[in-house]
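Here's the structure we're looking at; comments come further down.
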Amino acid sequence: MPARSLWQGSISFGLVNIPVKLYSATNNKEYVFNQLCQNGHRIRYKKWCPEEEREVPFSEIKKGYEIEKDNYIVFEKEELNKVKLRTTHSIDIKEFIEYKELDPILIDNSYYVAIDPKKGNEKAYALLVKILNENNLVAIGKVVLKDRENVIALRPYQRGLVMHVLNYLDDMKPVDEIPEMGNTKAKLDPQEISLGKILVQKYRSKEFDIGDYSDTYVQELRKLIEAKSKGRKFVSSAPKVAKPTKDLLEALKASIETKRK
């Protein structure tokens, strides 16, 4: 089945306009489990008011923002519509930065950006891809998706462009909220450092290929579902995880020896 576009609009910078379509860059998860009762019936959920002890129909449901415990400001749909952004249908490029300046932690979601063949301007699309590629640049801009104004990054990917939706700084949890992160007074022995470097070199690769990796859990889950559907016994073939040792020096030596073998 051909992919369906999720959004249609254009990329714009200066007076250049490139009609494009967005496609999801990832597939949906393969297996979704439903919750069942002990007799195998699917569980249904109701909109329930515990104070009035009754089910609330959708027509009566309003949105509320909690300002303190159990104290809400109630909003009508018309009030919220007033602050909705006008859909621009445009990816507005604001600046260009070096690729190394884009911190991966900011990336929230990814989309393929394809030229809209019905509206054309393939030359402008090809030009943007070429300039970004040859200069190792990323385009930073804004676009409205699902009533939210998003900061995005455009970068060349294989035959075209990929768009990353970025988190705002306010969306990121400050590292200071994780007191254990980096809070260590451990002193490293020179031998531990030396063996650590050797072990890392053992795992070094000249080129990263994501195709070398697969989801072992999904593979095992697929086998489990197939076995259970056919009434067969399931035997896991997943590799067993070795027990770690608390002695760093011994762990490094054993790891190097295992990798050598």
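All of the numbers you see were taken from the coordinates with simple rules; none came from a lab. Because the structure is a prediction, the values reported are computed rather than measured. Glycine also receives a Cβ, built like all others from the backbone with ideal geometry; neighbour counts cover every protein chain displayed.
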- Gaussian network model of the chain, Cα springs within a sub-10 Å range: biggest mean-square fluctuation belongs to which of 11, 61, 152? 61
- Message: Please enumerate, by chain and number, the aspartates and glutamates with C-alpha under 20 Å from the C-alpha of residue 100, excluding those fewer than 8 residues away in the same chain.
- Response: 108, 134, 207, 209
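What value in Å³ per residue do you get for the convex hull of the alpha-carbon atoms in segment 16-59? Please report the intermediate quantities before stating the final value.
Numbers: hull volume 9.5 nm³, N = 44.
Cα convex hull per residue, to the nearest whole number: 217 Å³.
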- Query: Which value, to two decimals, describes the C-alpha radius of gyration of segment 82-144 once divided by 2.2 N^0.38 Å?
  - Reply: 1.32
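Loop-only check: which trypsin sites (Lys or Arg not before Pro) in segment 71-102 are DSSP coil with at most 10 other Cβ within 10 angstrom?
On the way: sites: 77, 82, 84, 86, 94, 100; in loops: 82, 84, 86.
Here the sparse-neighbourhood loop sites are 82, 84, 86.
Mean separation of Cα pairs under 8 Å and 6+ residues apart, divided by the residue count of segment 1-125: what relative contact order is that in percent? Please list the in-between numbers first.
Values: 122 pairs, mean separation 46.3, N = 125.
Worked out over segment 1-125, it gives 37 percent.
With a cut-off of 8 Å between alpha carbons and a minimum separation of six or more residues, what is the relative contact order of the chain in percent?
It comes to 15 percent, rounded to a whole number.
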- Query: How do 147, 212 rank when sorted from fewest to most other Cβ atoms within 10 Å of their own Cβ?
  - Reply: 212, 147
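Can you list the equivalent-ellipsoid semi-axes of the chain, largest first and in whole Å, using the square root of 5 times each Cα gyration tensor eigenvalue?
On the way: eigenvalues 320, 239, 126 Å².
Rounded to whole Å, the semi-axes are 40, 35, 25.
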- Message: Cut-off 18 Å, label point 7 angstrom out along Cα-to-Cβ of residue 247: give me the residues of segment 195-217 whose amide nitrogen falls inside.
- Response: 195-196
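In deg cm²/dmol and to the nearest 500, what is the mean residue ellipticity at 222 nm of the chain if only DSSP H runs of at least 4 residues count, each as -39500 (n - 2.57), divided by the residue total?
Numbers: 5 runs with 59 residues, N = 261.
The helix contribution divided over the chain gives -7000 deg cm²/dmol.
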- Query: In µm²/s, what is D for segment 23-146 at 25 °C and 0.890 mPa s, where D = kT/(6 pi eta Rh) by Stokes-Einstein and Rh is the Kirkwood radius from Cα pairs?
  - Reply: 118
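Using the alpha carbons of segment 1-96, what is the convex hull volume per residue in cubic angstrom, as a whole number?
Values: hull volume 25.8 nm³, N = 96.
Considering the Cα atoms of segment 1-96, their hull volume per residue is 269 Å³.
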- Message: If I take the Cα coordinates of segment 214-261 and project them onto the principal axes, what are the three extents in Å, biggest first?
- Response: 48, 19, 16
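Scan the chain and hand back the longest stretch that contains none of the GluC sites (Glu not before Pro) lying in DSSP loops with at most 11 other Cβ atoms within 10 Å.
On the way: sites that count: 30, 51, 52, 53, 76, 180, 207.
In the chain, the maximal stretch lacking such sites is 77-179.
Mean projection of the alpha-carbon convex hull of segment 111-261 over all orientations, in nm²? Before the final figure, lay out each step's value.
Working: hull surface 71.1 nm².
For segment 111-261, the mean projected area of the Cα convex hull comes to 17.8 nm².
Find, among the chymotrypsin sites (Phe, Trp or Tyr not before Pro) in segment 196-244, those assigned to loop by DSSP (not H, G, I, E, B) with at most 14 other beta-carbon atoms within 10 angstrom.
On the way: sites: 203, 208, 213, 217, 234; in loops: 203, 208, 213, 234.
Passing both the DSSP loop test and the Cβ count: 203, 208, 213, 234.
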- Task: Using only Cα atoms, locate the centre of segment 154-177 and the centre of segment 1-30, then give the distance between them in Å, rounded to an integer.
- Result: 16
- Any lysines with Cα under 25 Å of the residue 253 Cα? List them, leaving off those in the same chain fewer than 8 positions away. 185, 187, 197, 202, 206, 240, 243, 261
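Of 46/84; 94/119; 62/82; 63/142; 21/84; 21/142, which ones are farther than 19 Å apart at the Cα?
Numbers: 46/84 29 Å; 94/119 23 Å; 62/82 16 Å; 63/142 27 Å; 21/84 23 Å; 21/142 15 Å.
Going by Cα-Cα distance, 46/84; 94/119; 63/142; 21/84 fall outside the 19 Å limit.
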